[in-house]
Amino acid sequence: MRNHGVIRDWRRNVLFGASALGFVFSQSAYAQVETSPLSEEAPDEEESTARLGRVVVTAQRREESAQDVPVSLTAVSGAELEAKAVSDLDTLSQGIVGISYDNTSIATPELYIRGVGTNRRDIGSDPSSAVYVDEIYQPRFSNVLSGLVDLERIEVLRGPQGTLFGRNTIGGAISATTSAPSDEFEGRVYGTLGNKENVAAGGSISGPITDRLRVRLSGGYSDAEGFMFDDVSGKDNGVRSFTIRGKIEYDLTDNLLFRMGANYTDTNQGGTFLHAANTPLFIASPLINQAAALDGDRYHGNYSRPGENAIENQQVDARLIWNADAVTVTAIGSWIGFEQTASQDLDATAFDIVNYDGATNTDTYSAELRVASNNGGGATFGDRLSWGAGVYFFNDQGDESTLFTTGVDSIVSFLAANPTLTPPFNPGTLRKPDQTNQSTDMTSLAVYGQGTLSLTDKLSLTLGARYTEDNRDFVHDSINGLPGVPLPVVPVSFSRPGNLKSDSFDPKIGLEYRPKDDLLFYASYSEGFKSGAVQSTATTIQIAERVAAPETVKAYEVGMKSEFFDNHLRFNIAAFQNEFEDLQVRRVVVFPGGFSSAIIENAASSIIKGLEIESSAVVTPQLQINASYAWLDASYDSYVVDANAGIDFSGNDLVRTPNHRFNADAVYTKDLRDAELQLRLAYNYIGEFYFQPANLPRDFEDAHGLVSASARYTFPNRTTSVQLWGRNLGDEEYRTYSNLLDQQVTEGWSERRTYGVTVMQRF
């Protein structure tokens, strides 16, 4: 079915990248990562004992080494974010197996982990792979990680994480931890200049105010020209982002810590987002492929309005951490405010045919109380048992509106200027204005617990479970015109209140076998679920009544984590099979009357199988090589769309699930007396995949490879550095988005070659 084999122009890309330089953004170092060989000062190369660094993670809600966690995960420290040329979640995903992320439009990011995700985010549905910032669930993660400012680490957890993280982590989770206030005064400032008018600046300052009070303040600004252009307005799809964050820590007592954080992010994207691949939108007669030809090449368009997305995200969280002898008790509360406005020329032509305007406003509240055992504290049966339990509350409420309009006068003018177009245009085939308004109030309650018991010195058993109740109230209002109704518009309106309730008990069982300290074997079985969904943008009662049931998964996984040769070689491998029922799928449906709409529906079942390998090796005291590979077999086991019409997607590939992904990078660090030079070369290969469940030829995207590279010079004072960086150095062109709606195929295309320089000063 697929042709696996080909990396086009592989040699050209590698050779080009070997001569180029790459780093994108700068972050502070992660304090819990032991000094790696790549930054270790070695007085003599022959006497060096450089080893792989140790990364502490909180994937199981407690601090432990990533190599001790029986979960397939990748942890990236702040220092690694610098070295790996990471500026945002999109860049991060290119170097991590099992994850796919696209941010063609900041309003509609698409996150897939192990083939599970969603390409629709509105207040009526939830993502299948979740994002957390400082342990706070982000129901809309459009811009929360648009700029990775002052991060301590990012953890990517693959596979269902429902027991400890909760609902809607059915594919996996990304957990970002921002840097905490420091015990000693420290700070940094940085600035970036690059092609495409790329400008970025920011910094952080942290330290103690009193013996008990510590404060950290950080922020960043970035402004980059886009790579898709509107030739009418002269605007592009460039993104401007501003983030400011503050954190305080106060020791109320020797055992009681109060921590509070506040974050504000403002992101704007202008210009065009999509390229028209065929006919204009909302014209039922075959008007005219000629109109799309006016758009020019794939990176240019002629739009009647340039479009814009604007997002503001605010987060305030507070927690109390009581560290007793036997247990640690943590109480967390948070509020997230989200505001988004969007406007878009949907027909992607210079004529005012179809326009879109939308707005979303939500308030999200969460609270969690958890208790976890402390080793040696008397609640662990002689350190044989580690356990944690908690209760969780979540409430998400908001409003969303959409407006679709058609410009009839402009269409008539277009046809008058193009008399050769056939067949003749019939105004009755136009889709009339549609307006939808939806409000939702989602409440989720959960109780969970997990414990690991050492059966012997080498064998451990893990048992866990989470019980969740979800309740979603919603009201859907719509005023719309019908296709085929002559002007003036005859409006059709409806109002539909409703309620969705669901509950789920999700168990987990796991075995760990450790024959020696640097070798771990594990096996696990877990279950998870994702909440049901309503059709937020429904324009007819028929669409509004199509409610998607919750999706569920049974997940099996075996794996090994190992280190060899005195921690000079690390090799991790995981094999898994995930069995889904009622998998939620976004699909374009054609309704009676000839109009279509994107809805969320349930596929009957799906089976996803895969293999993931990650390895790192210290080849010499100066050279470290990292490589990872993922094989994924993701298909719809049963998905009969319309038996009467013979539409059956059973056996088709899931969307955005390449069979093969491969990443490799080499880092060479050379001490130059008191100075240091670090060189990095990276290659990321993404196999072929489909954008839509129909798996039509237009949905198919070829495999492609991306090359990045960097060179960083740290001056003898060890506080000043200069980095040259570059991404997509082979200038690969590939699609990041493809969608069919009302006869129009729209596409998003990749960012082109980018490069620049970053200067950083630490103090």
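Computed from the coordinates by the stated procedures, all read-outs in this text should not be read as laboratory data. All figures in this text were calculated on a predicted structure; none of them were measured in a lab. Ideal geometry is used to build each Cβ from the backbone, glycine not excepted, and the neighbour counts take in all protein chains shown.
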Taking other Cβ within 10 Å of each residue's Cβ, how do VAL722, VAL354 sort, fewest first?
VAL722, VAL354
Expected unfolding gain across VAL759-VAL232 under the 0.36 nm per residue rule, minus the alpha-carbon gap, is 186.1 nm
How big is the Kirkwood radius of the stretch 596-727, worked out from every pair of different alpha carbons and given in Å to one decimal?
18.4
Give me a comma-separated list of calculated 3J(HN,Hα) values for the stretch 187-194, in order, Karplus coefficients 6.51, -1.76, 1.60 applied at θ = phi - 60°, integers in Hz, x for any Gly or Pro.
x, 6, 9, 9, x, 10, 10, x
Phi-derived 3J(HN,Hα) across the stretch 723-734 with the Karplus relation (6.51, -1.76, 1.60, θ = phi - 60°), rounded Hz, x for Gly and Pro, is 10, 9, 9, x, 10, 6, 5, x, 6, 5, 10, 8
Under the Kirkwood approximation applied to all pairs of distinct alpha-carbon atoms, what is the hydrodynamic radius of the stretch 535-672 in Å?
18.6
Least to most buried among TYR525, TYR755 (fewest other Cβ within 10 Å first)
TYR525, TYR755
Ranking SER708, SER175 by Cβ neighbours within 10 Å, fewest first, what do you get?
SER175, SER708
